[in-house]
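Below is one structure, written out as C-alpha coordinates, with a few remarks after it.
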Amino acid sequence: DLDVSDLFKATIFKIDVAFMREMKSTGFPNLTMEELVKARIFKIDAAFVRQVSQMGFEKEPFESLVKMQIFKVTPEFIAEVRNEGLTVNEVEDLVKLRIFKIDAEFIRKAKVDGVPLEVERLVQRRIGVDRH
(Lines give C-alpha, C1' and ligand atoms only; values in the text may rest on other atoms or scores of the structure.)
Protein backbone atom coordinates (compact mmCIF):
# COMPACT_ATOMS: atom_id res chain seq x y z
CA ASP A 1 0.00 0.00 0.00
CA LEU A 2 2.44 2.65 -1.16
CA ASP A 3 1.44 6.01 -2.48
CA VAL A 4 3.48 8.00 -5.00
CA SER A 5 5.52 9.84 -2.37
CA ASP A 6 6.36 6.49 -0.74
CA LEU A 7 7.52 5.15 -4.10
CA PHE A 8 9.82 8.17 -4.50
CA LYS A 9 11.24 7.61 -1.00
CA ALA A 10 11.72 3.92 -1.72
CA THR A 11 13.63 4.75 -4.88
CA ILE A 12 15.75 7.52 -3.35
CA PHE A 13 16.73 5.48 -0.29
CA LYS A 14 17.02 2.12 -2.09
CA ILE A 15 14.24 0.49 -0.10
CA ASP A 16 13.31 -2.60 -2.03
CA VAL A 17 11.40 -5.78 -1.28
CA ALA A 18 14.61 -7.51 -0.16
CA PHE A 19 15.35 -4.79 2.41
CA MET A 20 11.75 -4.85 3.64
CA ARG A 21 11.94 -8.63 4.07
CA GLU A 22 15.31 -8.33 5.79
CA MET A 23 13.90 -5.89 8.35
CA LYS A 24 10.80 -8.02 8.79
CA SER A 25 12.95 -11.08 9.50
CA THR A 26 14.85 -9.23 12.24
CA GLY A 27 11.72 -8.69 14.29
CA PHE A 28 10.38 -5.50 12.74
CA PRO A 29 7.46 -6.73 10.63
CA ASN A 30 5.44 -3.53 10.51
CA LEU A 31 7.88 -0.70 9.85
CA THR A 32 6.37 2.28 8.09
CA MET A 33 7.99 3.83 5.05
CA GLU A 34 9.28 6.64 7.31
CA GLU A 35 10.90 4.06 9.59
CA LEU A 36 12.41 2.23 6.63
CA VAL A 37 13.86 5.53 5.44
CA LYS A 38 15.32 6.08 8.94
CA ALA A 39 16.77 2.59 8.80
CA ARG A 40 18.58 3.44 5.58
CA ILE A 41 19.71 6.88 6.77
CA PHE A 42 21.13 5.54 10.04
CA LYS A 43 22.47 2.30 8.55
CA ILE A 44 20.17 -0.01 10.47
CA ASP A 45 20.02 -3.38 8.75
CA ALA A 46 19.79 -7.04 9.76
CA ALA A 47 23.47 -7.15 10.72
CA PHE A 48 23.06 -4.15 13.04
CA VAL A 49 19.91 -5.63 14.62
CA ARG A 50 21.83 -8.88 15.27
CA GLN A 51 24.73 -6.91 16.73
CA VAL A 52 22.37 -5.06 19.08
CA SER A 53 20.89 -8.39 20.20
CA GLN A 54 24.36 -9.79 20.84
CA MET A 55 25.07 -6.75 23.04
CA GLY A 56 22.18 -7.82 25.24
CA PHE A 57 19.52 -5.53 23.79
CA GLU A 58 17.19 -7.88 21.97
CA LYS A 59 13.56 -6.85 21.60
CA GLU A 60 14.40 -3.13 21.62
CA PRO A 61 11.94 -0.84 19.90
CA PHE A 62 13.04 0.48 16.53
CA GLU A 63 13.55 4.02 17.88
CA SER A 64 16.10 2.69 20.38
CA LEU A 65 18.16 1.35 17.47
CA VAL A 66 18.00 4.77 15.85
CA LYS A 67 19.25 6.41 19.06
CA MET A 68 22.07 3.87 19.32
CA GLN A 69 23.25 4.79 15.84
CA ILE A 70 22.83 8.55 16.31
CA PHE A 71 24.83 8.59 19.55
CA LYS A 72 27.35 5.95 18.46
CA VAL A 73 26.49 3.38 21.13
CA THR A 74 28.79 0.69 19.78
CA PRO A 75 29.71 -2.76 21.13
CA GLU A 76 33.13 -1.32 21.94
CA PHE A 77 31.63 1.51 23.99
CA ILE A 78 29.32 -0.85 25.87
CA ALA A 79 32.22 -3.21 26.63
CA GLU A 80 34.34 -0.25 27.73
CA VAL A 81 31.86 1.00 30.34
CA ARG A 82 30.93 -2.51 31.48
CA ASN A 83 34.62 -3.38 31.92
CA GLU A 84 34.83 -0.49 34.39
CA GLY A 85 32.13 -2.16 36.48
CA LEU A 86 29.17 -0.09 35.32
CA THR A 87 26.11 -2.25 34.78
CA VAL A 88 24.08 -0.69 31.99
CA ASN A 89 21.08 -2.55 30.64
CA GLU A 90 19.00 0.29 29.21
CA VAL A 91 19.62 1.97 25.86
CA GLU A 92 18.54 5.30 27.37
CA ASP A 93 21.32 5.04 29.97
CA LEU A 94 23.92 4.30 27.31
CA VAL A 95 22.69 7.29 25.32
CA LYS A 96 23.02 9.49 28.45
CA LEU A 97 26.60 8.33 28.87
CA ARG A 98 27.37 9.31 25.29
CA ILE A 99 25.54 12.66 25.55
CA PHE A 100 27.51 13.60 28.66
CA LYS A 101 30.78 12.19 27.28
CA ILE A 102 31.17 9.67 30.09
CA ASP A 103 33.74 7.08 29.05
CA ALA A 104 35.99 4.54 30.78
CA GLU A 105 38.51 7.19 31.84
CA PHE A 106 35.80 9.37 33.40
CA ILE A 107 34.35 6.33 35.20
CA ARG A 108 37.79 5.36 36.56
CA LYS A 109 38.35 8.86 37.95
CA ALA A 110 34.86 8.93 39.46
CA LYS A 111 35.45 5.54 41.14
CA VAL A 112 38.67 6.82 42.70
CA ASP A 113 36.69 9.75 44.13
CA GLY A 114 34.08 7.41 45.56
CA VAL A 115 31.25 8.18 43.15
CA PRO A 116 28.78 5.26 43.06
CA LEU A 117 28.71 3.41 39.76
CA GLU A 118 25.27 4.55 38.70
CA VAL A 119 24.48 6.39 35.48
CA GLU A 120 22.63 9.22 37.21
CA ARG A 121 25.45 9.75 39.72
CA LEU A 122 28.03 9.83 36.94
CA VAL A 123 25.92 12.36 35.01
CA GLN A 124 25.63 14.48 38.17
CA ARG A 125 29.40 14.29 38.53
CA ARG A 126 29.89 15.37 34.92
CA ILE A 127 27.61 18.41 35.25
CA GLY A 128 29.03 19.33 38.66
CA VAL A 129 26.06 18.76 40.94
CA ASP A 130 27.27 15.72 42.89
CA ARG A 131 28.39 15.73 46.49
CA HIS A 132 31.92 14.44 45.76
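Observations on the model:
- Magnitude of the charge dipole, the chain, Cβ model with Lys/Arg +1 and Asp/Glu -1, debye to 20: 460 debye
- Legend: residue pairs 24/101; 24/109; 59/109; 67/111, Cα-Cα distance threshold 32 Å; pairs beyond threshold, 24/101; 24/109; 59/109.
- Computed from backbone phi with θ = phi - 60° and the Karplus coefficients 6.51, -1.76 and 1.60, the 3J(HN,Hα) list for region 9-16 is 4, 4, 5, 4, 9, 6, 9, 10 Hz; x is used for glycine and proline.
- The chain - percent of accessible surface contributed by carbon and sulfur, probe 1.4 Å: 53 percent
- Look at the dipole of the chain built from charges on Cβ: of 37, 66, 114, the Cα furthest out on the positive end belongs to 114.
- Of the residues 95, 54, 81, the one whose Cα sits farthest toward the positive end of the charge dipole of region 1-101, with +1 on the Cβ of Lys and Arg and -1 on the Cβ of Asp and Glu, is 81.
- P(r) tail fraction, the chain - alpha-carbon pairs more than 21 Å apart, %: 49 percent
- The sum of -39500 (n - 2.57) across all DSSP H runs of n ≥ 4, divided by the residue count of the chain, sets its helix-only mean residue ellipticity at 222 nm to -17500 deg cm²/dmol.
- Among the trypsin sites (Lys or Arg not before Pro) within region 1-57, those in coil by DSSP and having at most 12 neighbouring Cβ atoms inside 10 Å are 14, 43.
- Kirkwood Rh and Cα Rg combined as Rg/Rh, region 31-100: 0.97
The values are calculated or read from the model by the stated rules, or taken from the named source; none is laboratory data. Please read all numbers here as calculations on a predicted model, not as lab measurements. For neighbour counting, all protein chains shown are included, and Cβ atoms are generated from backbone atoms with ideal geometry for every residue, glycine included. Just the protein is used for accessible areas: all its heavy atoms, side chains included, with ligands, DNA and RNA removed. Shrake-Rupley method; radii C 1.70, N 1.55, O 1.52, S 1.80 Å.
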